[in-house]
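Data block below; observations after.
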Amino acid sequence: MEIETPENDRADRQLTNTVAITVVAISVFLALQGVKSGNVAQALESTKADIVDKWNQYQAARLKHDLVEAALSTNRLIAATPGVDPSVVATERQRAEKAIAAYVEREKSYQEQAKALEDKLEGLNKRDDQFDVAEAMCSLALALAAIAILAESWWLVGLSWIFGAFGVTMGGAAMAGVTIYPQWLVDILT
């Protein structure tokens with residue numbers, strides 16, 4: 001049985017105060033990070049919808065392109081029919097060729113836009129993963145800090161700080177848009 005002395009009481013208060021400050025600091029960081037993480041999640045959803053829209057626009061342009069090419073083939077058959085005015089056929093052929101050129105440009109534009117959005121999505125996914133890793137590390141830090149109080153252990157407080165520092169580094173980088181991406185850890189956590 002341990003005898004209560006002013007020195008032991010002071011050491012206990014110091015441990016308790018240190019853990020309390022640790023918990024407050026990490027909790028505030030998690031709250032701020034949560035706002036930014038939510039914004040990234042919204043951007044992810046919006047970008048996914050934009051990608052679907054662009055690929056749908058590409059498909060629509062491609063379908064119209066195919067229809068005009070089919071009409072152009074029909075135009076060639078009609079041109080071979082006796083009694084058809086060649087000027088009318090030529091005018092329709094020119095119109096179809098012009099439409100095909102326009103659809104080819106649209107397809108190319110939609111495809112480039114969709115691929116750019118896919119690249120953006122990949123970057124947003126990595127940022128979201130950074131936030132996830134940061135949250136996991138900060139949660140571990142909070143749990144270790146709580147256990148440190150129960151076990152009256154300074155080394156657990158130190159371990160808590162290590163996890164907390166890693167979490168704050170990951171979250172801070174994600175908030176700043178800096179890529180720190182520990183793939184091995186993301187693979188474990190996701």
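Nothing in this text is a laboratory measurement; each read-out follows from the coordinates by a stated rule. Only a predicted model underlies this, so the values are computations on that prediction, with no experimental measurement involved. All Cβ positions, even for glycine, are placed from backbone atoms using ideal geometry, and neighbour counts span all protein chains on display.
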Task: Cβ-Cβ FRET estimate between Ala116 and Glu69, R0 fixed at 35 Å, reported to 0.05 - done: 0.80
Task: Percent of C-alpha pairs per 10 Å bin, segment 1-90, short to long - done: 13, 15, 12, 12, 10, 9, 8, 7, 6, 4, 3, 1
Open item on the list: Cα atoms only: what Rg and Dmax, in Å, come out for the chain?
Closed with: 31.6, 117
- [ ] Within 10 Å of each residue's Cβ, count the other Cβ atoms and sort Glu107, Glu118 from fewest upward.
- [x] Glu118, Glu107
TODO: Run the quick spin-label model on Leu32 and Glu105: label points 7 Å from Cα toward the beta carbon, then report their separation in nm to one decimal.
DONE: 4.9
TODO: Given the peptides 147-157, 166-176, arrange them by the average over their residues of other C-beta atoms within 10 Å, most packed first.
DONE: 166-176, 147-157
TODO: Please name which of Val28, Ala134, Pro82 has its Cα lying farthest along the dipole of the chain towards the positive end, using unit charges on Cβ (Lys, Arg +1; Asp, Glu -1) and the Cα centre as origin.
DONE: Pro82
TODO: For segment 118-135, just list the computed ³J(HN,Hα) in residue order, Karplus coefficients 6.51, -1.76 and 1.60, θ = phi - 60°, integers in Hz, with x standing in for Gly and Pro.
DONE: 5, 5, 4, 4, 4, x, 5, 4, 5, 4, 4, 4, 4, 4, 4, 5, 4, 5
- [ ] Under 1.5 on a/c is rounded, so check that first for segment 83-188, then, if it is not, pick prolate when a/b is larger than b/c and oblate when it is not; a ≥ b ≥ c are the square roots of the alpha carbon gyration tensor eigenvalues.
- [x] prolate
Open item on the list: Using a Cα-Cα cut-off of under 15 Å, which aspartates and glutamates could be cross-linked to Lys115, ignoring same-chain neighbours fewer than 8 residues away?
Closed with: Asp50, Asp53, Glu107
